[in-house]
Amino acid sequence: MVTTVSFKKKPHSNGDATTHANGESKWSFLFSLTDLKSIKQNKEGMGWSYLVFCLKDDVKLPALHFHRGDSKPLIKCLEKHVALNESPDDERVLLVKTQKSLSQSFENLFDEPSYGLLQKWKKDPYIVTMGKFSKVTNYIVGSLRSSDPSNQRRPPSEMADFFNDTIPGLKINQQEEPGFEVITRGLCHTLRKEAWKFLLGYFPWNSTKEERANLQKRKTDEYFRMKLQWKSVSEEQEKRNSRLRDYRSLIEKDVNRTDRTNKFYEGEDNPGLILLHDILMTYCMYDFDLGYVQGMSDLLSPVLYVMENEVDAFWCFVSYMDQMHQNFEEQMQGMKTQLIQLSHLLRLLDSGFCSYLESQDSGYLYFCFRWLLIRFKREFSFQDILRLWEVMWTELPCQNFHLLLCCAILESEKQQIMDKHYGFNEILKHINELSMKIDVEYILCKAEAISMQMMNCKELPQTVSEILGIENSSVTPDSDTGEDESGAELNCPTSLYQSISTPVVAANGTRDGAPQTAETPSLTPA
């Protein structure tokens, strides 16, 4: 949808608006009707009508104005595709009525009162979720069968064998179960729950089903022993233990403001919040020297949401913290190292942009600090971060792929930063305001394109090869000038960005005007 305003208007600082030579400004947005939650209608003082579309993840799109005519024709057109009902609380709001024929994700089952799952799930989320495995996997078999012509001829038993080989212990219900549909993007909720245990290193890749069962039993016993340690501390004891007291105070503050708009954590006395608190307190017993540092709750929240089990979430979080530990240490060596590595990559990709940042006292890239500290947790929507993390955990297409994601975002924003001559404060403000406005598909594609360009670079600086874990027989000594010891130019472009073409990515993951080819790679979830 495109809205054209006939008068000049100051464009947004995030670059969403572009001003054309004729003085008009345009904003455009794209979304799937299956993601639409509600439409708010209104009229401005001069009689113009406008619509505000709200998506299911509570993202509100820019207002769509109607300067000539009104919005009724568009509403009538939408009603051909979705059922709209007036909200009982606000007559200006049209709610999208979910029908049985509409696809819905597994996660949304817990939001549907008609399924009667919410109360049961609060009592025992693990058992209730496990009880839905057969229905979910039954749908997955059907969706694969219908999307691939070759799969249409495969018998159910063969498809069941395929999934049993992929995920040992996952039972496939081969009977038809009408009236239940699931559509997801990337890994569905149940598969993600199992896959993350392997991606994070909680389960060894070469382990057997029996070995994993024994491991879980040992880890369950170990977890509750540690939990009992802080649970049994009396008030008098805690008064004499300042570190434990400080950990508890900080955890309680952070838990109360972590992802509270997510249904898993919203409301008072939410069981999800209790589990979040208990796991973080138990981690303090697991690693008392580190204890709790602000930001850890951001890393745990998605893990607990996916696992829906206290013990599994704890040990997956422990594995994740093993990777992130240095970020939270007092000396923050991990953060310093990553900022230096990012600087090396950015200088190779675009030395001109690096020089501009240095001229604005921004060469240390401190504006990327939050990105690196909690791996973009506050830059993307909750569902996007699930996908982004599992891509990073695969360590594909290279190690430290998250640094290339930083480069991809900066490359997307550099034109505005340089054209508008942003200084230190403006750069920091602009980067902070990108939160929740970054297209995850676009950035993943761009970052992968950068990695492939580097892998194809005939003479890559040794430092860069080591950062990305690229085995390159033609690595060259490091040089800020881009020359080897003989003074000859390296066989890489002055700016690698110049040779990277990443088409615009629409909300559905397709690229406008570009087929999926080897030249335009697409990074899919593990």
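The values are calculated or read from the model by the stated rules, or taken from the named source; none is laboratory data. Predicted, not measured: the structure shown is a model, and the values here were computed from it. Every residue, glycine among them, receives a Cβ derived from its backbone with ideal geometry; neighbour counts consider all protein chains shown. Areas reflect the complete protein model, heavy atoms only, side chains present, ligands, DNA and RNA absent. Shrake-Rupley method; radii C 1.70, N 1.55, O 1.52, S 1.80 Å.
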(message) If I model region 249-325 as equal point scatterers sitting on the Cα atoms and use the Debye formula, what is log10 I(q)/I(0) at q = 0.13, 0.18, 0.21 Å⁻¹?
(response) -0.32, -0.63, -0.88
(request) Step through the table entries Lys197/Lys217; Lys231/Lys377; Lys60/Lys414; Lys60/Lys263; Lys60/Lys446; Lys40/Lys80, compare each Cα-Cα distance with 21 Å, and write down the pairs that go over it. (result) Lys231/Lys377; Lys60/Lys414; Lys60/Lys446
(request) Among the trypsin sites (Lys or Arg not before Pro) in region 288-382, which ones are in a DSSP loop with at most 10 other Cβ atoms within 10 Å of the Cβ? Mind listing them? (result) none
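Which shape class applies to region 304-346: rounded if a/c is under 1.5, otherwise prolate when a/b exceeds b/c and oblate if not, where a ≥ b ≥ c are the square roots of the Cα gyration tensor eigenvalues?
Since a/c reaches 1.5 and a/b is larger than b/c, the shape of region 304-346 is classed as prolate.
May I ask you to give the solvent-accessible area per residue for region 325-386, in square angstrom, as obtained with a 1.4 angstrom probe? Kindly include the intermediate steps, with their values, before the conclusion.
Values: 2640 Å² over 62 residues.
With the other protein chains kept in place, region 325-386 gives 43 Å² per residue.
In µm²/s, what is D for region 360-399 at 37 °C and 0.692 mPa s, where D = kT/(6 pi eta Rh) by Stokes-Einstein and Rh is the Kirkwood radius from Cα pairs? Spell out each step's value before the answer.
On the way: Rh = 11.5 Å.
D = 286 µm²/s.
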(request) Quick one: pull the percent of accessible area on region 397-452 belonging to carbon and sulfur, 1.4 Å probe, ligands and nucleic acids left out. (result) 52
(request) With the full set of protein chains in place, find how many percent of the accessible area of region 323-378 is carbon and sulfur; take the probe as 1.4 Å. (result) 49
(message) Let me cross-check Leu404: its accessible surface, 1.4 Å probe, with only protein heavy atoms counted, in Å² to the nearest 10?
(response) 0
(request) Please list Leu61, Leu304 in order of solvent-accessible area, largest first, computed with a 1.4 Å probe with all protein chains present. (result) Leu61, Leu304
(request) Using only the alpha carbons, work out the radius of gyration and Dmax of region 224-287 in angstrom. (result) 12.6, 38
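Taking a cut-off of 20 Å, what percent of all Cα-Cα pairs in region 277-422 are separated by more than that? Before the final figure, lay out the partial values.
Working: 5577 of 10585 pairs.
Counting pairs separated by more than 20 Å, the tail of P(r) holds 53 percent.
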(message) For Lys37, what residues show an amide H to amide H distance below 5 Å, using hydrogens built from the backbone and excluding near sequence neighbours?
(response) Cys54, Leu55, Lys56
(message) Can you bin every Cα-Cα distance in region 341-459 into 10 Å intervals starting at zero and give me the percent of pairs per bin, rounded to whole numbers?
(response) 13, 47, 33, 7
(request) Could you state the accessible area per residue of region 209-263 in Å², with a 1.4 Å probe and every protein chain left in place? (result) 72
